[in-house]
1. Which of the trypsin sites (Lys or Arg not before Pro) across the stretch 20-64 are loop residues per DSSP, with 15 or fewer other Cβ within 10 Å?
2. Which GluC sites (Glu not before Pro) from the stretch 1-86 combine a DSSP loop assignment with at most 10 other Cβ atoms within 10 Å?
3. If I model a spin label as a point 7 Å beyond the Cα along the Cα-Cβ vector, how far apart are those points for residue 269 and residue 33 in nm?
4. Using a Gaussian network model of the chain with C-alpha springs under 10 Å, which one of 235, 257, 54 is most mobile by mean-square fluctuation?
5. So, in the stretch 276-391, how many Lys pairs have Cα atoms under 25 Å apart, if the pair is 8 or more places apart or on different chains?
6. Scaled to the compact-protein estimate 2.2 N^0.38 Å, what is the alpha-carbon radius of gyration of the stretch 30-82, rounded to two decimal places?
7. Computing the accessible area with a 1.4 Å probe over protein heavy atoms, can you report the carbon and sulfur percentage for the stretch 17-261?
8. Give the distance, in whole Å, between the Cα centre of the stretch 1-36 and the Cα centre of the stretch 157-215.
Amino acid sequence: MKKTVYLDNNATTKIDEKVFEKMLPYLKENYANPSSMYDSAHVCANAIEEARKQVADFLGVENEKSVIFTSCGTESANTAIKGVVFQYGDKENKNHIITTQVEHPCVLSVYENLEKKGYKSTYVSVDENGEINIDNLLSKITPNTILLSVMHANNETGAVYPVYEIAKRAKEINKNIKVFVDGVQAAGKIPIELENSEIDFYSISGHKFHAPKGVGALYVKKGVLFEPFMLGGHQEYSLRAGTQNTPYIVGMGKAAQLAKESLEYELKEVKRLRDKLEKGILSQLRNAKLNSKSSNRVPNTTNIGFEYIEGELILLYLNDLGICASSGSACTSGSLDPSHVLRAQKVPFTSLHGAIRFSLSRFTTEEEIDYAIEKVPEVIKKLAKISPFQSELNALGL
Ligand SMILES: *Cc1c(COP(=O)(O)O)cnc(C)c1O
């Protein structure tokens, strides 16, 4: 059987065996509607409340009622952004919303959609290291600004943004601003402490931290109102209608507990393996340039640009060797446009098209990293021979 070395954990992760085991009874015998009025339903409702506590604990939140369950990270982001705009905004006056150029499409597309409907948006840039200039961001705030969205960690480069400080300082300028943080790529990789922060909304997605796809959560700060996205029954404190997906919510609760317990391992061992991979590749190839240059980044991600080589070709060759990685984000691949994140970072076009993201998890092994350190440079050298940029590559000794 072909070997698989899965280094695409920012696209999705495998379900932890313990998560799967915990879910099984709720896929089989415990199938009652958690809103019903008999014992078997209470079993499900109680399991959901246990998961809510686990997720709240994971997010550093004291009152678990601040957590509502959704179907995914995308739904959580849509809920927060549209929920704020429709609650507090109007097209004539309170119509300004701010975000960054490097957000996930689940934020950027919503902003673009709201622009078409008459709202005004500002997209702040990042520097060559992928870092946000906080003063520049804060200078965009006006009395009409109602929402600021900044991701906690970037899915393509792993850059971590100072969201607590941004939220605090934004409210010193305009106390009515609501702050949404897309925390999908931070969950399980760095500590999250929302309790005493000025963050109003924070999203996570189960499948990015070893729960199944199709379940997410949204933290909503106590007392902060928003217009619900899904209307219907009274589930989730009437903030998100629809019968709860008990098995998946239970799975995400368990995954949150495990992620919290594994955080130390993630920050130490996963980082060690990521650094080993990064150094191993960069030291062997003179056309390899690090795109993950932020001084603060999550421990599992590296993005490397291979000058004068086409990223899609690299992925095809790596696939033949069983190595799963990604160019750009999974959500935009399929289009040949280079990554909006790396373009915002002004990565030169010579390495923009050959950018590859490797993302590890707590299940990544030393052997897998050694294999990748051996194979990736072989692939790049092979592709260098058929690249149309022979003289440039020769000048680099390839
Ligand atoms: C994957 C991802 C999302 C979307 O989460 P889904 O659960 O797949 O909808 C949102 N934001 C970031 C940063 C992501 O990496």
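The values are calculated or read from the model by the stated rules, or taken from the named source; none is laboratory data. Computed from a predicted model, the values in this text were never measured in an experiment. Counting neighbours? That spans all protein chains shown, and the Cβs are built from the backbone with ideal geometry, glycine included. The accessibility values were calculated without ligands, DNA or RNA, using every heavy atom of the protein model including side chains. Shrake-Rupley method; radii C 1.70, N 1.55, O 1.52, S 1.80 Å.
1. Numbers: sites: 22, 28, 52, 53; in loops: 28.
For trypsin sites (Lys or Arg not before Pro) across the stretch 20-64 that sit outside H, G, I, E and B with at most 15 neighbouring Cβ atoms in 10 Å, the list reads 28.
2. Qualifying residues, ordered by number: 29.
3. According to this spin-label approximation, the distance is 4.5 nm.
4. 235
5. 21
6. Numbers: Rg = 13.1 Å, N = 53, 2.2 N^0.38 = 9.9 Å.
After normalising by residue count via 2.2 N^0.38 Å, the value is 1.32.
7. That fraction is 51 percent.
8. Value for the Cα centre distance between the two parts: 24 Å.
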